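Take a look at the structure below.
The values are calculated or read from the model by the stated rules, or taken from the named source; none is laboratory data. Keep in mind it's a predicted model, so treat the numbers as computed, not measured. Cβ atoms come from the backbone with ideal geometry, glycine included; neighbour counts cover every protein chain shown.
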Amino acid sequence: MKAPEELSELFRANGRKVTAQRQCIFRALQGSSDHPSADSIHRQVSREMDTVSLKTVYQTLHDLTDLGEIAALDVGTGLTLFDPNVEQAHHHLVCRRCGTVRDLTAPLPEIRLPDGAALGYDVGSAEIVFRGLCPDCRVSDPAHPASPLSDVPPVGPA
C-alpha cells in the first residue's frame, strides 16, 4: 500500500477531498499486515482523532478500494475486511473460531475453469481461502492438540 502522502496525492488527482480524518485513516492502514474491519479502523483512528465518524471510515475505505489501493474481503466471517496488501498476489488463511485472517503467499497451481464451466461469466480472478484453527485457538482447544506442523512457521507476513 502506498504511503499516506502518496494516497493524499492520489485522492486529489482523482477529485477526492483530502481531510485530516482521511489522512489519519491512511496512517492507520500503513504497514498493516492484518485485515481490519471498518469498525476496528474506526476504533483505532478515534484514539488519535475523536472527530472521525464511522461513515468517513467506510467512505474512505470504499474510495481506497475503488482506486485499487486496498481490497475488500468477504471470507465468511460476517464482516467485510480490508486488505492493504494488494501488491503481491496471495490467498488467505482464516481461523474458524476467532476469525483471524492471515495472508498466505505460497506457490499454488494456477486455477483455471474448464472450457464451458464459466457459465457465461467473464472471470478475471480467483482466490483460495483455507480454513482451520490458528495457533492460539489450537493451543486453547484440548480437542485439537498441536499437530506435527505446529513448529513450522506460518507462510507469508504475520
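For the stretch 46-59, the set of residues classified as buried (at least 22 other Cβ atoms within 10 Å of the Cβ) and under 24 Å from HIS92 (Cβ atoms) consists of VAL57 only. Note on the stretch 60-70: residues that are crowded, with 16+ Cβ neighbours inside 10 Å and not in a loop (DSSP other than H, G, I, E, B) amount to 5. Residues of the stretch 38-64 that are of a type in the set (Ser, Thr, Tyr) and farther than 16 Å from VAL18 by Cα: SER40, SER46. For the stretch 81-111, a residue qualifies if it is β-branched (Val, Ile, Thr) and assigned to a loop (DSSP other than H, G, I, E, B), and the qualifying residues are VAL86, THR100, THR105, ILE111.
Here ARG138 passes the criteria (1) closer than 20 Å to ASP83 by Cα; (2) without any contact (Cβ under 8 Å) to a residue 24 or more places away in the chain; (3) not in a loop (DSSP other than H, G, I, E, B) except the one numbered (1).
Okay, residues lined up against (1) over 17 Å from the mean Cα position of the chain (by Cα); (2) in the same structural domain as LEU133 (by TED's automatic domain parsing); (3) surrounded by 16 or more Cβ atoms within 10 Å (Cβ to Cβ); (4) farther than 27 Å from SER125 by Cα:
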site	(1), (2), (3), (4)
ARG12	yes, no, no, yes
ILE25	no, no, yes, yes
LEU81	no, no, yes, no
ARG96	no, yes, no, no
